[in-house]
Structures are given as structure tokens and as C-alpha cells.
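First the structure, in the form of C-alpha cells, and then the observations on it.
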Amino acid sequence: MMEKVSENPLKNRKLPALTVIVGLLITCYLTANVMAVKLINVAGITIFDAGTIIFPIAYLLGDVLTEIWGYQTAKRVIWLTFFCEIFFTLFAWVAIWLPFPVETQANAEAYRQVFSFVPRITAASLLAFLCGELVNAWSMEKIKIKTEGKHLWLRAIGSSFFGYVVDTAIFVVVAFGGTVSLSAIGSMILIQVLVKLLLEACAATPLLYLVVNQLKKKNNLLS
């Protein structure tokens with residue numbers, strides 16, 4: 001007689017909130033890497049990559065991590081996301097060189113154009129993400145201490161501001177330094193930070209209140 005397999009103790013239980021937040025955060029940054037290939041023209045004044053529009057969501061999730069589980073947990077998740085980005089980029093690049101049927105040459109070329117990350121751009125993105133997210137999480141924790149846990153909107157937008165400045169400045173300088181004028185670099189940094197902050201204030205912060213309040217009400221999801 002076959003031995004009966006014991007029931008998984010986690011079966012039929014809700015997915016832990018921390019797992020959901022981590023999964024969404026990693027997905028946001030992997031998606032941003034792909035979206036970065038698409039450039040957006042802003043009224044002929046400046047350009048930025050489409051990945052910019054998803055950053056407020058990623059920073060919102062980072063704020064939730066810090067607010068509910070603390071800076072140390074947020075820092076570990078940020079490093080995990082960083083290595084997931086490297087893993088994704090490496091294998092997306094490897095796939096470019098794999099052989100393909102002749103009749104799919106058009107698709108293969110389109111794939112190559114999207115996933116042929118220039119090493120300099122990839123390095124800029126990874127470095128900017130790591131530094132920006134760590135600064136955002138650290139600032140969130142420090143502002144929370146200063147405000148004694150009050151004014152969630154202040155620490156959310158304030159920490160995001162510092163994170164956006166660091167992230168955007170590193171990415172633009174590393175990716176485009178020496179190839180465009182200093183005035184163009186300054187314009188790109190300023191416009192991108194303003195766009196990210198606008199999206200943060202109008203959409204991400206109200207959503208942050210909703211998510212954080214729901215998690216704080218459900219004590220069983222805080223562990």
C-alpha cells in the first residue's frame with residue numbers, strides 16, 4: 001500500500017502579505033528594465049525612458065516594506081531584487097545568441113533590439129536601483145523616527161524624493177555622461193525627478209495609505 005502523503009501545512013492558507021509585496025516589487029523592476037527600451041518625448045523639451053512611470057509603484061512597495069516590516073527587511077528585499085535583475089538581464093542576453101529558425105528571423109531581430117541591453121545602460125540601471133532604493137528605505141525609517149510615526153504622507157514623499165534624486169542622478173550620469181551636454185543631463189535629471197514625484201503624490205501616496213492601513217488592521221499579516 002502506498003504511503004499517504006502528509007498534508008502541506010500551508011495549503012489553503014492565504015499567501016503571506018510579505019510574499020506578495022516582495023513578488024510585486026521584483027516584478028516592477030524587471031518590468032521597468034524592459035520598458036526602459038521605450039523612450040518618451042516630453043513636449044520636445046526632454047526625454048526619459050518609459051520605465052520611469054512604474055518607479056512610483058516600486059517605491060510605494062518599498063515604503064510599505066519599511067513601514068510594516070522595518071528597514072532591515074526592506075534592505076534584504078532590495079538586495080534580493082538586485083540579484084534577480086542581474087539574473088534576468090544575464091539570461092535575456094544569453095537568449096539573443098541562441099539559434100533560431102530562419103522563418104522567425106523578424107521576431108528574433110525584434111527580440112534582439114529589445115533585450116540587447118548596452119552594458120553601460122544596464123550597469124547604470126542596476127547601480128541606480130540599488131542606491132536609490134536603499135536611500136529611500138533608510139530615509140523612510142529616519143523620517144518615521146523624527147515624526148514619531150505620524151504623517152505617513154510626509155515620510156513617503158520625502159523618502160521618495162531623496163531616493164528619486166539619487167536614482168535618477170546616478171542613472172543619467174552613468175548612462176549618458178560624456179555623450180550629451182551638462183545642461184541636457186541636468187534637464188533630464190530635473191524633469192524625471194519631477195515626473196516621478198508628481199506620480200507619487202497624485203497616485204502612489206493615496207494607494208500607500210490604503211495598503212498600509214489594511215495591513216496594520218490584519219495583525220496576522222504583519223509577521
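The values are calculated or read from the model by the stated rules, or taken from the named source; none is laboratory data. If you're wondering where the values come from, they're calculated on a predicted model, not measured in any experiment. Here the Cβ positions follow ideal geometry from the backbone for every residue, glycine too, while neighbour counts run over all protein chains shown. These accessible areas exclude ligands, DNA and RNA; they are computed on the full protein's heavy atoms, side chains included. Shrake-Rupley method; radii C 1.70, N 1.55, O 1.52, S 1.80 Å.
What the table shows:
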{"item": "Helical segments meeting 30 Å axial Cα length and Kyte-Doolittle 1.0 threshold in the chain (DSSP H)", "result": "71-96, 152-176"}
{"item": "Amide N proximity, segment 26-68 versus Y209 label position 7 Å along Cα-to-Cβ, cut-off under 18 Å", "result": "57, 60-61, 63-64, 67-68"}
{"item": "Rounded FRET efficiency, nearest 0.05, which uses the C-beta distance separating S181 from M35 and R0 of 35 Å", "result": "0.85"}
{"item": "Packing rank of 61-74, 197-210, 23-36, 85-98, where each peptide gets the mean count of other beta carbons within 10 Å, highest leading", "result": "61-74, 23-36, 197-210, 85-98"}
{"item": "Rel. contact order, % - alpha carbon contacts under 8 angstrom, at least six apart, the chain", "result": "25 percent"}
{"item": "Length gained when the stretch T27-H151 is fully extended (0.36 nm per residue, less Cα-Cα span)", "result": "41.8 nm"}
{"item": "Sites A43 and C131 - FRET efficiency at Förster radius 25 Å, r taken between beta-carbons, to 0.05", "result": "0.25"}
{"item": "Segment 39-124: relative contact order in percent, alpha carbon pairs under 8 Å with at least 6 residues between", "result": "15 percent"}
{"item": "Label-point gap, in nm, between F88 and T19 - each point 7 angstrom along Cα→Cβ", "result": "2.0 nm"}
{"item": "With all protein chains modelled, accessible area of I53 [1.4 Å, Å²]", "result": "80 Å²"}
{"item": "Summed side-chain charge close to L207 - residues other than L207 whose Cβ falls under 14 Å, Lys, Arg +1, Asp, Glu -1", "result": "-3"}
{"item": "Percentage relative contact order, segment 81-159, counting C-alpha pairs under 8 Å, at least six apart", "result": "27 percent"}
{"item": "Potential extension, L190-T73 segment - 0.36 nm per residue separation minus Cα distance", "result": "39.0 nm"}
{"item": "Unsatisfied cross-links (Cα-Cα over 20 Å) in the set K150/K196; K150/K217; K75/K217; K75/K196; K38/K75; K146/K217", "result": "K150/K196; K75/K217; K75/K196; K38/K75; K146/K217"}
